[in-house]
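The values are calculated or read from the model by the stated rules, or taken from the named source; none is laboratory data. Note that the structure is a prediction, hence the values are computed from the model and not measured. So basically every Cβ, Gly included, is an ideal-geometry build from the backbone, and we count neighbours across all protein chains shown.
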Amino acid sequence: MLELKNVTISLKKDGRNIAEEFNFTLKNNEKAVLIGEEGNGKSTLLKYIYQKDLVEGYCACSGEVIVKGKPAYLPQMMDEGHQALSLAEYFADSEYYLHMEILAMLGLSAEFLFSDRKLSTLSGGERVKVQIAHMLMEEPDLLLLDEPTNDLDIATLEWLETFITKSKVPVLYISHDETLIENTANVIVHMEQIIRKTKCRITVSRCPYREYLARRRSNFTHQKQMAQKQRDDYNKQMEKWRQIYNRVDHEQEVITRQDPGGARLLKKKMHSVISMGKRFEREKENFLDFPQEEEAILAKFDETIRLPSGKTVLDFACDRLCVGERVLSRDIKLFVSGGEHIGIIGRNGIGKSTLLSLLWKELEFRQDIVPAYMPQNYARALDYHKTPVQYLADNYTKEEVTRARTYMGGMKFTHEEMNGPIGNLSGGQQAKILFLDMVLRGANVLLLDEPTRNFSPLSCPVVRSALDHFGGTIISVSHDRKYLEEVCGKVYELRENGLFAVNQEK
């Protein structure tokens, strides 16, 4: 069991609270998901629960965390020290032979676990699988998972859904995979930064995700209607009051000295009218506030971007797809026309990101298109030492940078975030900068490696909609099942012997 008592966490750099006097209990068989927009502190809260000193360098914390039993924590990024180890070194202290069912569930073999292969050479999905296996071998009493779905192939995602659903120990996790959240979570913990990120709010609902969203929308609509009705009624009252006040005021001005009794009555009446106005003003102070909602906004691509369907964007062939001396796949062929939205799937380690980087080399310097690339590792595209404004200013005019500032404001970037190092931003905020770069560039061919992986489940529908309506060509690698369904007209699976179509066009 997990219990939080009066937990307050504030960021030292700006004093902003991400949790304030937060109380929460998680019991056995409960599966709670932490949701919220990028940069709202979800990973920080998870780290604080697991080990307070993980956040003390950049946060001021108070409150109490009670964990009954042994917690296990899956970080969003594997520690660099671990990545330097071989698989055999990483699992040296693990009694793997007692947990063969775990390896079987993850599709891992004992031979693989005790090979000399460095963890740094594994694909992102393979690293996640290895960490999950290592964590489960410890037989924990509480699971804290930060983005366990990142880079997992679809088969492993489905396994993870089943595992979380059947887990007897409580699970608190962060995920951007809406399908997994819909299929597993029975507690929703929603972290928000409202009023231009000056106030934090955490809402806990013990219900499935879709039900939470429906309740939230219904409650917001009802509160908005009630708040508006109070103001409409007030305006009507004040209009009547002003008419009465003006009439009495006029009567006072025209009354003659011959009627001092009438003047006294009017003065008394005016006092009553003024008291009535003050009462209305006091009632106004108790009006319901209009609901504050943190909306996920992404800049839309220019609607004029179009590529004719008869245009050949890519005609690619590759005899062997390799990483070093290792052959991942053979006989790959891919033909892409203008306006097509392509999705590429495949098991972890098959070489999807490697293939996409080869496609980028084919398209990067083409003069008849405007290509843009969003790699899985954002550091390949972004200079983490620059600010978002500096990064965009290097590529665009003053007017375009002003436009970029406007877009970033719409994306909920604060002034400090726009002018601080990109490396300090969350993965979702960095992804928004890459998307904004594509928008400003007027790109008409997008190569996207896991485009939704760092967006919150509240942002993902906005991202999917923007890409679905994009008039250019998209070639993407993704394991996001909603993305594949809603955005991709064609989906190919990368196997050892090439690319194979797995669905019909939308």
Exercise. Report whether or not G63 is in contact (Cβ under 8 Å) with a residue 40 or more places away in the chain, within 19 Å of I181 (Cα to Cα) and surrounded by 13 or more Cβ atoms within 10 Å (Cβ to Cβ).
Key: no
Self-check item: the range 93-106 residues that are in the same structural domain as T156 (by TED's automatic domain parsing) and without any contact (Cβ under 8 Å) to a residue 12 or more places away in the chain, paired with ones that are of a type in the set (A, V, I, L, M) and in a helix (DSSP H, G or I) (beta carbon under 8 Å, 6 or more apart)
Solution: M100/A110
Quiz item: Given (1) of a type outside the set (G, A, S); (2) part of a loop (DSSP other than H, G, I, E, B); (3) modelled with pLDDT of 90 or more; (4) surrounded by fewer than 13 Cβ atoms within 10 Å (Cβ to Cβ), where does N286 come up short, assuming only one miss?
Solution: (3)
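Can you tell me which of G409, G420, G349 is farther than 21 Å from G489 by Cα and assigned to a helix (DSSP H, G or I)?
Values: G420 fails: assigned to a helix (DSSP H, G or I); G349 fails: assigned to a helix (DSSP H, G or I).
One residue alone meets the criteria, G409.
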Quiz item: Taking the range 15-68 as the search range and keeping residues that are of a type in the set (V, I, T) and outside any strand (DSSP E or B), which one is nearest to the chain's Cα centre (by Cα)?
Solution: T44
Quiz item: Which of (1) hydroxyl-bearing (S, T, Y); (2) under 21 Å from T304 (Cα atoms); (3) within 22 Å of the chain's Cα centre (by Cα) does T387 not meet, given it meets every other one?
Solution: (2)
Quiz item: What is the number of the single condition among (1) closer than 24 Å to D302 by Cβ; (2) buried (at least 22 other Cβ atoms within 10 Å of the Cβ) that L494 does not meet?
Solution: (1)
Quiz item: Taking the condition in the same structural domain as Y396 (by TED's automatic domain parsing), under 24 Å from V33 (Cβ atoms) and part of a loop (DSSP other than H, G, I, E, B), does L484 pass?
Solution: no
Quiz item: Looking at the range 23-45, is at least one residue of a type outside the set (F, W, Y), under 30 Å from S115 (Cβ atoms) and free of Cβ contacts under 8 Å to residues at least 24 places away in the same chain?
Solution: no
Quiz item: Restricting the search to the range 70-87, which residues are surrounded by 13 or more Cβ atoms within 10 Å (Cβ to Cβ) and at pLDDT 90 or above?
Solution: P71, A72, Y73, L74, P75, L85, S86, L87
Quiz item: With respect to K229, is the statement that it is at pLDDT below 90 and over 22 Å from the mean Cα position of the chain (by Cα) true?
Solution: yes
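Inspect the range 403-414 for any residue being on the phi > 0 side of the Ramachandran plot and either of a type in the set (D, E) or assigned by TED's automatic domain parsing to the domain that holds E493 (or both) and give the result as yes or no. It would help to see each step written out before you state the result.
Quick first cut of the range 403-414, residues on the phi > 0 side of the Ramachandran plot only: 412.
From what is left, the residues that are either of a type in the set (D, E) or assigned by TED's automatic domain parsing to the domain that holds E493 (or both) are 412.
Yes; the residues of the range 403-414 include at least one that is on the phi > 0 side of the Ramachandran plot and either of a type in the set (D, E) or assigned by TED's automatic domain parsing to the domain that holds E493 (or both).
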Exercise. With respect to T156, determine if the residue is touching a residue at least 60 places away in the same chain (Cβ under 8 Å), crowded, with 23+ Cβ neighbours inside 10 Å, hydroxyl-bearing (S, T, Y) and more than 19 Å from L45 (Cα to Cα).
Key: yes
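So that you can scan it fast, the table gives a plain yes or no per residue for (1) in contact (Cβ under 8 Å) with a residue 60 or more places away in the chain; (2) crowded, with 19+ Cβ neighbours inside 10 Å; (3) within 24 Å of N150 (Cα to Cα); (4) not assigned by TED's automatic domain parsing to the domain that holds Q429:
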position: A317; (1), (2), (3), (4): no, no, no, no
position: L328; (1), (2), (3), (4): yes, yes, yes, no
position: D331; (1), (2), (3), (4): yes, no, no, no
position: G346; (1), (2), (3), (4): yes, yes, yes, no
position: I350; (1), (2), (3), (4): yes, yes, yes, no
position: L356; (1), (2), (3), (4): yes, yes, yes, no
position: L363; (1), (2), (3), (4): yes, yes, no, no
position: I369; (1), (2), (3), (4): yes, no, no, no
position: Q376; (1), (2), (3), (4): yes, yes, yes, no
Quiz item: Being within 21 Å of the chain's Cα centre (by Cα), closer than 21 Å to L446 by Cβ and modelled with pLDDT under 95, is that true of even one residue in the range 356-373?
Solution: no
Exercise. Please work out if L499 is in contact with a Ser or Thr (Cβ under 6 Å, 6 or more places away or on another chain), of a type outside the set (S, T, Y), on the phi < 0 side of the Ramachandran plot and modelled with pLDDT of 95 or more.
Key: no
Self-check item: Subset of the range 144-173 (residues that are within 15 Å of L26 (Cα to Cα), among the aliphatic types (A, V, I, L, M) and outside any loop (DSSP other than H, G, I, E, B))
Solution: L144, L145, I164, V171, L172
